[in-house]
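Comments concern the structure below.
The values are calculated or read from the model by the stated rules, or taken from the named source; none is laboratory data. Remember, it's a predicted structure, so these values are computed and weren't measured experimentally. So basically every Cβ, Gly included, is an ideal-geometry build from the backbone, and we count neighbours across all protein chains shown. Heavy atoms of the whole protein, side chains included, go into the accessibility calculation; ligands, DNA and RNA do not. Shrake-Rupley method; radii C 1.70, N 1.55, O 1.52, S 1.80 Å.
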Amino acid sequence: MDVGDHATTAGHVPVMLGRVLAILTPAVEAVTDRDPVYLDATLGMGGHAEAMLRAVPRLRLIGLDRDTTALERSARRLAPFGDRVTLEHAVYDEIPGVLNRLGVSAVDAVLFDLGVSSPQLDEADRGFAYSYDAPLDMRMDRTQRLTAAEVVNGYPPAELARILREYGEERFAQRIAAAIVRERERAPLDSTRRLADLVRASIPAATRRTGGNPAKRTFQALRIEVNGELDIWRRALPAALDALPVGGRVAVLSYHSLEDRITKRVLAAQAADTTPPELPVPLPEHEPRFRLLTRGAELPSDEETTTNPRAGSVRLRAAERVREAT
């Protein structure tokens, strides 16, 4: 669901669509004794989901999203597929509960398209973008309480600095946090424009001249904090892997190094042989549970990044289950 979510409607193009289909369709097409199940854990505008449903006529879709607006739009888009589609208002670490509630014991393919969607970025009132003046919101799920305004106006200085440093990888986290605290003592920080201007003024001039908008890292950090993205991702990926049968596949589209690092670590651990090194032969119960389908992280083509600039930062990793858990 990310920086460049998706859907060819309204100009939103699914990121790395051809490659995602090439990875996931073999897993669902191999299922012959029942209708295969595809879990789109970050449904967004439904572009990837629609393509999968068209590619595999027997496919059943379970689509999750925490954004009720995205679910409403996807429901309209996917209505022609009728009862093949089940949509759920849920965060993707709730996969086990959703599948249990639906009576689904396993899914054959899973897609995570992480981060913030194009509609969320493009709609000024959502407060995700520094290019619009809007309330400091940044909630993917507008039914939750915590907003970016509450973070910048209520968090202690040290906690603000930590969030900017860890989630935004911001070198000037301490300076920006101090400036936020000074500003909020005069009047609450409540708009994206004021925050972006404050960040710009807090960063040395030489740094401001390179690397794009200087507020980018601060906005990323606040968004991750407001939506609990990294903690949720640490729970969600293992849960999705557990739901895959042998032959099932997962594909992950990440848009910044923090997400991708977690993805790499989890998949590498699942693809490793854990036989103790002192033993002369591998033990069956320690053999890899998954095999990696990508060599490192795959990048989009130059053509795609030209036609869909929001795909520029994407990294794709994928894996297939090769052994049941013991």
Filter pass, E287 being in the same structural domain as L244 (by the TED database), among the acidic types (D, E) and either in contact with a strand residue (DSSP E or B) (Cβ under 8 Å, 6 or more places away or on another chain) or open to solvent by 60 Å² or more (accessible area, probe 1.4 Å) (or both): yes
Residue that is surrounded by the fewest Cβ atoms within 10 Å (Cβ to Cβ), among those in region 172-204 that are acidic (D, E) and farther than 13 Å from A215 by Cβ: E185
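In this structure, does Y167 turn out to be under 18 Å from the mean Cα position of the chain (by Cα), surrounded by 14 or more Cβ atoms within 10 Å (Cβ to Cβ) and at pLDDT 95 or above?
Numbers: under 18 Å from the mean Cα position of the chain (by Cα): yes; surrounded by 14 or more Cβ atoms within 10 Å (Cβ to Cβ): yes; at pLDDT 95 or above: yes.
Against the criterion (under 18 Å from the mean Cα position of the chain (by Cα), surrounded by 14 or more Cβ atoms within 10 Å (Cβ to Cβ) and at pLDDT 95 or above), Y167 qualifies.
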The one condition in (1) modelled with pLDDT of 95 or more; (2) open to solvent by 70 Å² or more (accessible area, probe 1.4 Å) that D302 fails to fulfil: (1)
Odd one out for P288 among (1) touching a helix residue (DSSP H, G or I) at 6+ places or on another chain (Cβ under 9 Å); (2) within 23 Å of G18 (Cα to Cα); (3) free of Cβ contacts under 8 Å to residues at least 40 places away in the same chain: (2)
Among residues of region 313-326, those that are part of a loop (DSSP other than H, G, I, E, B) and buried (at least 16 other Cβ atoms within 10 Å of the Cβ), counted: 2
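Quickly run through region 219-234 and pick out the residues that are touching a Phe, Trp or Tyr at 6+ places or on another chain (Cβ under 9 Å) and either charged (D, E, K, R) or not in a helix (DSSP H, G or I) (or both). Reasoning before the result, please.
Step one: of region 219-234, the residues touching a Phe, Trp or Tyr at 6+ places or on another chain (Cβ under 9 Å) are 219-225, 229-230, 232-233.
Residues satisfying the conditions are R223, E225, E229.
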Single residue of region 210-263 satisfying the filter (crowded, with 19+ Cβ neighbours inside 10 Å and among the acidic types (D, E)) that is farthest from E94 (Cα to Cα): D260
Among (1) in a helix (DSSP H, G or I); (2) farther than 18 Å from P135 by Cα; (3) at pLDDT below 95, the one test that D197 misses: (2)
